[in-house]
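The values are calculated or read from the model by the stated rules, or taken from the named source; none is laboratory data. Note that the structure is predicted; figures quoted are calculated from it, not measured. In this analysis, Cβ positions are derived from the backbone assuming ideal geometry, glycine residues included, and neighbour counts consider all displayed protein chains.
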Amino acid sequence: MSESSNAADKSNKPSLVKVTRLRDIDLDQLSALLAPYDLAVQYVKTDKAIPGSFWGDEEAGLIGNKLYVRPDTPVHSALHEACHYICMDEQRRRDLDTNAGGGYDEENGVCFLQILLAEHLSSLNKTQMMADMDSWGYSFRLGSAQKWFEQDAEDTRNWLIKYGIIDDNGKLTWKLRHLENTG
């Protein structure tokens, strides 16, 4: 299981960490990737604060169904916040403003899902996403995002299946979290 934290140590100046940033990808692809989830990408000028950013600096922000990003926003941050939107329940989605919240299982689901979504951006893939997560300071029990994803995330995969976010084959359903099937 992950013990993820996407908050880089502020003393390390996050903008100096080498990771894939929005300026490095096709922004239209990101918008198209998130459109099935009714999540709109809002671009902010580099010199402006990012609305709804829980972590501040260049980290992505969430308010309602809008994901706020700048050219210097790390792609992992944009996908991480987007995945919180996808993985949270409807009530939290309705009231969403800055703090996505969520518990341990959801946070793991978010990390797993952002790796899956990275495969759908032509200038990124899951290997690079996992490397960026490690560089930024996400922490995992097995020491790396890749080891966690490949060897220790079965419970997370099952959580995503339970809520209809991925199917039994591990493929994206392109749907937001739904209520658990009880029957």
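Just a few scattered comments:
- Arg141 meets each of the listed conditions (1) at pLDDT 95 or above; (2) loosely packed, with under 15 Cβ neighbours inside 10 Å; (3) basic (Lys, Arg) apart from (1).
- The residues listed here are Asp132, Asp89, Asp105, Asp95; of these, the one that is of a type in the set (D, E, K, R) and more than 17 Å from the chain's Cα centre (by Cα) is Asp95.
- Restricting attention to the stretch 109-129, the residues that are in a helix (DSSP H, G or I) and buried (at least 22 other Cβ atoms within 10 Å of the Cβ) total 10.
- Positions within the stretch 8-51 being more than 15 Å from Pro74 (Cβ to Cβ), in a helix (DSSP H, G or I) and at pLDDT 90 or above, in sequence order: Asp28, Gln29, Ser31, Ala32, Leu33, Leu34, Ala35, Pro36, Tyr37
- Members of the stretch 52-63 found to be surrounded by fewer than 15 Cβ atoms within 10 Å (Cβ to Cβ) and modelled with pLDDT of 95 or more, listed by number: Ile63
- Looking at Asp155, Asp132, just one residue is modelled with pLDDT of 95 or more, touching a His at 6+ places or on another chain (Cβ under 6 Å) and part of a helix (DSSP H, G or I), and that residue is Asp132.
- Residue match in the stretch 42-58 (condition: touching a Pro at 6+ places or on another chain (Cβ under 6 Å) and at positive phi): yes
- Residue, nearest to Asp38 (Cα to Cα), within the stretch 52-108, restricted to residues that are part of a strand (DSSP E or B) and not hydroxyl-bearing (Ser, Thr, Tyr): Lys66
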